[in-house]
Amino acid sequence: MQQIMPNDYFQFKQFTVHQGLCAMKVGTDGTLLGAWANVVGHASQRADGSEDTGTLGSVPYYSILDIGTGTGLIALMMAQRYPQAQVTAIDIDPQAVRQARENVAASPFADRITIIEGDIGRLSLPPFEAIVCNPPYFDASLESPNAQRTLARHTSSLSYRELMTCAWRLLSESGELSVVIPFDCKSRLEAEAILTGFHLTRTCAVRTTPTKPPRRFLLAFQKHPKPLQTEELVIGSDAYNELTKDFYLV
């Protein structure tokens, strides 16, 4: 279901994502996460300037962290949706960092996105109101001979336990961690989240067609329990088009 865009670049409504230097290309997973993730208590903004959901707080500044940014796609989407946010995006791959910096510099959000090269487990950063991550998902499977692709796709570069531990350390008390994960990785990631202390607060099952089982899940976690919100989404449906309409060109 990770629908890969074959070109060296992908044109969105407000920015362009070049991807020639990155092992992991622009796909449906990242686009879904960038459109679905929330900054709790703050409204995102439509392309026409109107507010999308929630109630915009009086705080003039809040921060978002994108772990494993790759091309910078999700960071760019969050910056577009939340015009009051400062976005920090991290990747361990120098080529991805170079690509993300080029994409951000050419975007309208260059003054609100910072790209950092490094290991998230070794960086000292202030708390964030929201953390987003499209994490590596191959675990025991055969690793690719392409070292860059292995780094981007396999949990040897960032295990689910490490992700949850780092997210707990870097998330504010009222913040939300949002991830996109294959259906067969969902239980493992949720188990690590629970062991860390997180509570699952939102889920979205993503289907390729109405009759097929979910292939991906969007999951949101917080430090304190809340009633679980569940939903389903079918790729290409009216709900999917509504969710992504501020980004995809018609």
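Quick notes on this one:
- Quarter of Cα convex hull surface for region 90-142, i.e. mean projection, nm²: 5.2 nm²
- The modelled label-to-label distance for the pair E162/I116, using points 7 Å beyond Cα in the direction of Cβ, is 1.6 nm.
- Region 164-225 - percent of accessible surface contributed by carbon and sulfur, probe 1.4 Å: 61 percent
- Cut-off 13 Å between beta-carbons: net charge of the residues surrounding V180, Lys and Arg +1, Asp and Glu -1: +2
- Segment T208-Y61, length gained on full extension (0.36 nm per residue, minus Cα span): 49.2 nm
- Candidate lysines - alpha carbon under 30 Å from K245, same-chain residues fewer than 8 apart omitted: K13, K25, K186, K212, K226
- Label-to-label distance, nm, for residues given as S187 and E242 (7 Å Cα→Cβ offset): 3.3 nm
- Förster-model FRET efficiency, 30 Å R0, E232 and I194, C-beta, rounded to 0.05: 0.85
- Proximity of backbone amide H atoms, modeled 1.01 Å from N, is registered between I115 and A89 at under 5 Å, excluding neighbours fewer than 5 places apart on the same chain.
The values are calculated or read from the model by the stated rules, or taken from the named source; none is laboratory data. In this text the structure is predicted, and so the values were computed from the model without any measurement. As a convention, Cβ positions derive from the backbone with ideal geometry for all residues, glycine included, and neighbour counts pool all protein chains shown. These area figures cover heavy atoms from the full protein model, side chains too; ligands, DNA and RNA do not enter into them. Shrake-Rupley method; radii C 1.70, N 1.55, O 1.52, S 1.80 Å.
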